[in-house]
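J.: Please read through the structure below; I'll follow up with questions.
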Amino acid sequence: MNAMGVRWTADQVLALAPDEASRRAGSRLGTAGVWSGTGCGDGAVWGVCAGSGGRSYETVVDLTGPAYTCACPSRKFPCKHALGLLLLHASDGTAVAEGTPPEWAGPWLAKRRERAGAASRPAGTGASGGTADPEAARRRAERRAARITAGAQELEQRLADLMRGGLATAEQAGYGLWEETAARMVDAQAPGLAGRVRELGAIPGSGPGWPVRLLEECALTHLLDRAWLAADRLPADFAATVRTRVGLTAPADGAPVRDHWLVLAQYDTADARLTTRRVWLYGTSTGRTALLLSFGAAGRAPGLALPVGALLDGELTPHSGAGRLRAEPGEHFVPVDAPVSPPPGGPVGEALGAYGRALSDDPWLDSWPVTLRQVVPARAEYGWQLADADGREALPLTPAAQNRPGLWRLVALSGGAPLTVFGECGHRGFTPLAAWSPEAPAETVPLI
């Protein structure tokens, strides 16, 4: 189906915005007055936006990615001009006429199509038909594995010293020793272990009950160390999970899955080094839930952005490891004009059971994607929760979810009536990411 056969809604376009400032700026550019040379065709939209000081910015959006390019200097993806162009295209079927891409848009679109063709070639084969040197790759992998093993052994000694001296010494030592250990894990090329060490360092003195939390996290870190040191004796899927947890990238080596994917949620998390974007998809035919990850340097939004609530035809390739949630997207996602409905779900007890089963495959799992059916937001003594309509069981919301504007959007959408909610269920509680009301089951309402 041609990508231009489906026109995104304004809400779906605004859901692509990397932040609130971009959302506001893009909204101001969603009118015809600032645009010239607009057109659409071959799965793309293009136009020239008049900027301040007499400058103009050539903007192109490939709807089959989606992907964006703009002459502006913004480091955000999509930028405000791309958002404005998409809003103009969404607002009025006559505002952007069908046409042929102009000279300044055509080459970029052609390169996109060429990359899509290259992605269909067998793995390991370059554009000229050459193949990467597998022996060199094997030697590099062995050297990195040896460094990670040395790092894991050093971390085991650090944990043993902590247990020998007592947990109280962790508060006296301060954060510096943990950061020094984390730096050595980075040197060992084990960023996953480094991240766990930094989390350990933040626990001492963090509030009532911190020794219990520290002991639990030390136990999980010890388990990961021992699993890595015995990885060659583990089942293949679990060994792949361990490699991922220490910081190695699991290959996207599963069988490609073609489906109509409903975009459930998209959100960013950031630290001093990296911005990580998570996109949750649900395959309407396969019943598969998939997670797309993309990354940007600190302060820069990742390039991947999909409209929440859209139904997209495309192909995903799963990564190896327990659960096989993470996947790599194909080059093209084409909007589909078809009825949508929320993923099938169940009561709170089923969600807790799903998370428990996932933990048996991956003990270091923070959360698991679940859909709750017939639940009601309710205020309890310790904060907000989602309770079954019959009141039998309830899931507390995570501390972070308690303080987000999406909570009040969820409460308003419910109005005291049961609704369907998709989110992440973990040991800290439930984080709602999207919801559907009984009155509008085809409308995905983002909550983050």
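J.: Can you pull out every residue in the stretch 327-338 that is crowded, with 21+ Cβ neighbours inside 10 Å and either charged (D, E, K, R) or not in a strand (DSSP E or B) (or both)?
T.: Matches in the stretch 327-338: none.
J.: Looking at the stretch 352-366, is at least one residue of a type outside the set (Gly, Ala, Ser), farther than 28 Å from residue 238 by Cβ and out of contact with any His (no Cβ under 9 Å at 6 or more places or on another chain)?
T.: no
J.: Would you mind telling me which numbered condition in (1) in contact (Cβ under 8 Å) with a residue 40 or more places away in the chain; (2) touching a helix residue (DSSP H, G or I) at 6+ places or on another chain (Cβ under 9 Å); (3) not in a helix (DSSP H, G or I) residue 87 fails?
T.: (3)
J.: For residue 359, state whether it is crowded, with 17+ Cβ neighbours inside 10 Å and among the aliphatic types (A, V, I, L, M).
T.: Details: crowded, with 17+ Cβ neighbours inside 10 Å: no; among the aliphatic types (A, V, I, L, M): yes.
So residue 359 does not fit the description; no.
J.: Quick check on this structure: which one of 342, 347 is in contact with a Pro (Cβ under 9 Å, 6 or more places away or on another chain), touching a residue at least 40 places away in the same chain (Cβ under 8 Å) and on the phi < 0 side of the Ramachandran plot?
T.: Result: 342 is the single residue among 342, 347 that is in contact with a Pro (Cβ under 9 Å, 6 or more places away or on another chain), touching a residue at least 40 places away in the same chain (Cβ under 8 Å) and on the phi < 0 side of the Ramachandran plot.
J.: Would you confirm whether any residue within the stretch 364-372 is surrounded by 20 or more Cβ atoms within 10 Å (Cβ to Cβ) and farther than 28 Å from residue 243 by Cβ?
T.: yes
J.: In the stretch 8-27, which residue that is out of contact with any strand residue (DSSP E or B) (no Cβ under 6 Å at 6 or more places or on another chain) and not in a helix (DSSP H, G or I) is surrounded by the fewest Cβ atoms within 10 Å (Cβ to Cβ)?
T.: 19
J.: Tally time: how many residues in the stretch 17-48 are within 26 Å of the chain's Cα centre (by Cα) and over 21 Å from residue 65 (Cα atoms)?
T.: 5
J.: Within the stretch 69-84, can you find the residues that are touching a helix residue (DSSP H, G or I) at 6+ places or on another chain (Cβ under 8 Å) and over 17 Å from residue 37 (Cβ atoms)?
T.: Result: 74, 76, 78, 79, 80, 83.
J.: Still on this structure, please answer the following. Would the stretch 58-68 turn up any residue that is surrounded by fewer than 20 Cβ atoms within 10 Å (Cβ to Cβ) and in contact with a helix residue (DSSP H, G or I) (Cβ under 6 Å, 6 or more places away or on another chain)?
T.: No: the stretch 58-68 contains no residue that is surrounded by fewer than 20 Cβ atoms within 10 Å (Cβ to Cβ) and in contact with a helix residue (DSSP H, G or I) (Cβ under 6 Å, 6 or more places away or on another chain).
J.: Would you mind stating whether residue 392 is in contact (Cβ under 8 Å) with a residue 12 or more places away in the chain, outside the structural domain of residue 68 (by TED's automatic domain parsing) and assigned to a loop (DSSP other than H, G, I, E, B)?
T.: It is true that residue 392 is in contact (Cβ under 8 Å) with a residue 12 or more places away in the chain, outside the structural domain of residue 68 (by TED's automatic domain parsing) and assigned to a loop (DSSP other than H, G, I, E, B).
J.: Looking at 237, 259, 232, which one is crowded, with 18+ Cβ neighbours inside 10 Å, of a type in the set (Asp, Glu) and either touching a Leu at 6+ places or on another chain (Cβ under 9 Å) or not assigned by TED's automatic domain parsing to the domain that holds residue 406 (or both)?
T.: Within the list 237, 259, 232, the selection yields 259.
J.: Only one residue in 44, 50, 32, 15 is in the same structural domain as residue 98 (by TED's automatic domain parsing), among the aliphatic types (A, V, I, L, M) and under 30 Å from residue 447 (Cβ atoms). Which one?
T.: None of the other options fit; the residue is 15.
J.: Out of all the residues in the stretch 95-115, which are outside any helix (DSSP H, G or I) and either of a type outside the set (Val, Ile, Thr) or touching a Pro at 6+ places or on another chain (Cβ under 7 Å) (or both)?
T.: Those that are outside any helix (DSSP H, G or I) and either of a type outside the set (Val, Ile, Thr) or touching a Pro at 6+ places or on another chain (Cβ under 7 Å) (or both): 95, 97, 98, 99, 101, 102, 103, 104, 105.
J.: Restricted to the stretch 421-448, and to residues that are of a type in the set (Val, Ile, Thr) and either without any contact (Cβ under 8 Å) to a residue 40 or more places away in the chain or within 12 Å of residue 264 (Cα to Cα) (or both), which residue is surrounded by the most Cβ atoms within 10 Å (Cβ to Cβ)?
T.: In this case the residue turns out to be 421.
J.: Which residues, taken from the stretch 307-333, are touching a Gly at 6+ places or on another chain (Cβ under 9 Å) and aliphatic (A, V, I, L, M)?
T.: 316, 327
J.: Can you name the residue in the stretch 28-56 that is at pLDDT 85 or above and in a helix (DSSP H, G or I) and is also surrounded by the most Cβ atoms within 10 Å (Cβ to Cβ) among such residues?
T.: The qualifying residue surrounded by the most Cβ atoms within 10 Å (Cβ to Cβ) is 34.
The values are calculated or read from the model by the stated rules, or taken from the named source; none is laboratory data. These numbers were taken from a predicted model, which means no experiment stands behind them. Heads up, the Cβs are rebuilt from the backbone with ideal geometry, glycines too, and the neighbour counts pull from every protein chain shown.
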